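Notes follow the structure.
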Amino acid sequence: MKRTKKIKKLRIFSLTLICWGILLIGSGIAMTTKDTTITKYTYSINISQNKVAESKINEIKLKEMSQEVNTPISLDVKNYLENVEKIDDSVLSALNLDTSHVNINEAGTYTYTISYKKKTFNGTFIITEKPLPKVNLTLKNLTLKKDSVLDTNLSTYINEPLTEEVSKNIVLDLSSVKTNIEGTYQYTVTYNNKLYTGKIEIYTPQATTIITPNNQVQEENSDLEVE
């Protein structure tokens, strides 16, 4: 009996502890839920991109230069560099330009140089002909006496009036005309890479008999003819 009573007391005590535990846990949860404060934190991230400047390689590359004849030449070394934007200012200021071998008064291909310290770089400079005025020429066909002296005046062979600039650039070729032999010959005029051709006939004048009042016989030759 005493043992049974002890067991009952232990069960009651255990149930009491369990109930108190449940109450304490419940009240703790209630208190925790009630008193809990939720704090929100906002973080901002600033991402900045720093541009890394390109390193200048200082490799000197020259341009192929070109301009018309009788045009002033540039003395600025920067105008001769292919990659001027990649060359450091300290290097640019130390470059020496030499265009003394370029003849701006005559068409052709020349060499210019740029030197830096003990290195020399060679470039090409082309001087081109100035475009000539556009004209159309027509040539005369001439008839000349045998052994005549050929005239070198362009107006003798060309119908159109010529300016000084055009005249200076015309090439007249009479080399195939033989004035000591009868026949028809071709002569040429070249202008602005265009060839024009004309004809010259060489003939022997026939003598004509003229009777004068004094019954004297005279011979007369015919004049030069131009078609």
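In the stretch 147-157 there is no residue matching the filter, namely being part of a strand (DSSP E or B) and either surrounded by 12 or more Cβ atoms within 10 Å (Cβ to Cβ) or touching a helix residue (DSSP H, G or I) at 6+ places or on another chain (Cβ under 7 Å) (or both). If you go through the stretch 158-193 and keep only what is touching a residue at least 40 places away in the same chain (Cβ under 8 Å) and surrounded by fewer than 16 Cβ atoms within 10 Å (Cβ to Cβ), you end up with just ASN192.
Name the residues in the stretch 158-168 that are in a helix (DSSP H, G or I) and either of a type outside the set (Val, Ile, Thr) or at pLDDT below 95 (or both), would you? Before the answer, list the steps.
Taking the stretch 158-168 as the starting set, the residues that turn out to be in a helix (DSSP H, G or I) are 164-168.
Of everything in the stretch 158-168, those that are in a helix (DSSP H, G or I) and either of a type outside the set (Val, Ile, Thr) or at pLDDT below 95 (or both) turn out to be GLU164, GLU165, SER167, LYS168.
Applying the selection to the stretch 169-196, what residues are assigned to a strand (DSSP E or B) and among the polar types (S, T, N, Q)?
Our first condition is that a residue be assigned to a strand (DSSP E or B); within the stretch 169-196, this holds for 170-173, 183-191, 194-196.
Within the stretch 169-196, THR184, GLN186, THR188, THR190 qualify.
Considering only residues of the stretch 73-132 that are part of a loop (DSSP other than H, G, I, E, B) and basic (Lys, Arg), which is surrounded by the most Cβ atoms within 10 Å (Cβ to Cβ)? Step through it out loud before you land on a result.
At the first step, the residues of the stretch 73-132 found to be part of a loop (DSSP other than H, G, I, E, B) are 73-76, 82-83, 87-88, 93-95, 99-107, 117-118, 129-132.
Next cut, basic (Lys, Arg) only: 117-118, 130.
Working: LYS117: 9, LYS118: 5, LYS130: 11.
Here the answer is LYS130.
Listed by first and then second residue, the pairs linking a residue in the stretch 133-152 that is within 14 Å of THR188 (Cα to Cα) to a residue that is loosely packed, with under 15 Cβ neighbours inside 10 Å and of a type in the set (Ser, Thr, Tyr), with Cβ atoms under 7 Å apart and 6 or more places separating them unless they lie on different chains, are LEU139/THR197.
The values are calculated or read from the model by the stated rules, or taken from the named source; none is laboratory data. Please read these numbers as outputs of a predicted model, since none were measured by experiment. Cβ coordinates were reconstructed from backbone atoms using ideal geometry, including for glycine residues, and neighbour counts include every protein chain displayed.
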